[in-house]
Amino acid sequence: MTVCEKCNGSGYLVLENNSAGECQCLRPSQFARNMKLSGIPLRFWNPDKDVEASLSRYKHTTPVEKDSFAVVKAWVAGVKTSREWLTLYGPVGTCKSYLASALLIELCRKYGATVRFITVFDLLAEIRKEFNSDGSMQAFTENGVYDQVCEVGLLAIDDLGNAKASDFAVDQVSNLIDTRWREKRPTILTTNLGLDALRDVYGERFISRVKGAGPVLQFNGKDRRLLEVGR
Ligand SMILES: Nc1ncnc2c1ncn2[C@@H]1O[C@H](COP(=O)(O)OP(=O)(O)OP(=O)(O)O)[C@@H](O)[C@H]1O
Ligand SMILES: [Mg+2]
Ligand SMILES: [Zn+2]
């Protein structure tokens with residue numbers, strides 16, 4: 001391994017104002033570390049198989065998708081300062097999860113952001129594990145999954161509205177959304193439901209935050225899973 005000439009391998013540089021700054025050479029290892037914890041599905045991120053979801057490989061198939069994708073590109077360029085959210089909705093197989101993964105990868109690489117991809121279904125399963133076996137609502141495990149998804153720099157919550165919407169499920173998702181909204185932490189949402197159907201599940205307070213926090217974009221092409229295999 002070659003030692004970085006800038007920082008002599010320490011990973012840190014002394015800046016003009018005498019404070020310490022991270023050297024660029026730390027970026028790749030930080031990227032690898034963050035990606036390991038990201039939960040991005042292997043279908044969209046698998047370095048061993050050269051699989052990587054990427055905005056540059058996305059192809060829109062309808063005028064609506066063309067407009068939506070233009071907004072996605074503007075969002076990713078500005079999110080570091082705007083801290084906006086992004087909601088992608090549309091029928092099955094329209095690349096919503098693919099795009100969410102591509103955005104996490106790009107922002108992790110560009111800014112060393114901590115990123116996390118989780119489906120609502122897995123999120124709820126993990127949260128349930130953090131409760132006592134008798135179901136009593138004890139304090140959450142410190143640094144459990146709920147804490148992690150509240151605090152991660154950029155979170156993608158996949159498949160909103162697909163898991164069975166018990167009161168418990170709605171409360172947990174609503175709390176998470178509210179926490180991240182209050183703290184201005186960028187969040188990507190994907191869902192098969194339109195805003196009206198989402199409102200029916202999660203209520204007006206939820207919709208107000210989602211709409212207020214950033215663009216809500218429609219994807220409406222054909223199911224690419226079926227197109228891929230010629231069905
Ligand atoms: N740019 C691309 N190149 C190659 N394959 C792609 C590309 N974009 C998406 N796909 C493929 O299209 C399929 C559907 O994408 P994805 O899973 O993101 O859809 P989705 O909108 O999340 O669907 P669902 O609502 O069912 O969750 C996947 O099999 C994915 O691998
Ligand atoms: Mg999906
Ligand atoms: Zn260095």
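Residue by residue through segment 68-79, which ³J(HN,Hα) values in whole Hz follow from phi under the Karplus form 6.51 cos²θ - 1.76 cosθ + 1.60 (θ = phi - 60°), with glycine and proline marked x?
4, 5, 4, 5, 4, 5, 5, 4, 5, 6, x, 5
Taking K129 as the anchor, which lysines have their alpha carbon closer than 24 Å to its alpha carbon, excluding any fewer than eight residues away along the same chain?
K36, K164
Can you compute the charge dipole magnitude of the chain about its Cα centre, using +1 on each Lys and Arg Cβ and -1 on each Asp and Glu Cβ, nothing else charged? Give it in debye, rounded to the nearest 20.
The dipole of the chain has a size of about 740 debye.
With θ set to phi - 60°, apply the Karplus curve 6.51 cos²θ - 1.76 cosθ + 1.60 along segment 52-58 and write out the HN-Hα couplings as whole Hz, x wherever there is a Gly or Pro.
Using θ = phi - 60°, the values come out as 8, 4, 8, 4, 5, 9, 6 Hz.
Within straight cross-link reach of K96, meaning Cα distance under 19 Å, which lysines are found once same-chain residues fewer than 8 apart are removed?
Once the sequence-local lysines are set aside, what remains near K96 is K59, K66, K73, K211, K222.
Stokes-Einstein diffusion coefficient for the chain at 20 °C in a medium of 1.002 mPa s, Rh from the Kirkwood formula over Cα pairs: what value in µm²/s?
Estimated diffusion coefficient is 112 µm²/s.
Work from the charge dipole of the chain (Cβ charges, +1 for Lys and Arg, -1 for Asp and Glu, about the Cα centre) and give the residue of V71, S208, I127 farthest towards its positive end.
V71
Express the C-alpha Rg of segment 35-171 as a ratio against the empirical globular expectation 2.2 N^0.38 Å, rounded to two decimals.
So segment 35-171 has a normalised radius of gyration of 1.15.
Taken together, the values in this text are just the output of simple stated rules run on the coordinates, not laboratory data. Keep in mind that this is a model prediction, so the values were computed, not measured. Note that we place each Cβ from the backbone using ideal geometry, even for glycine, and neighbour counts take in every protein chain shown.
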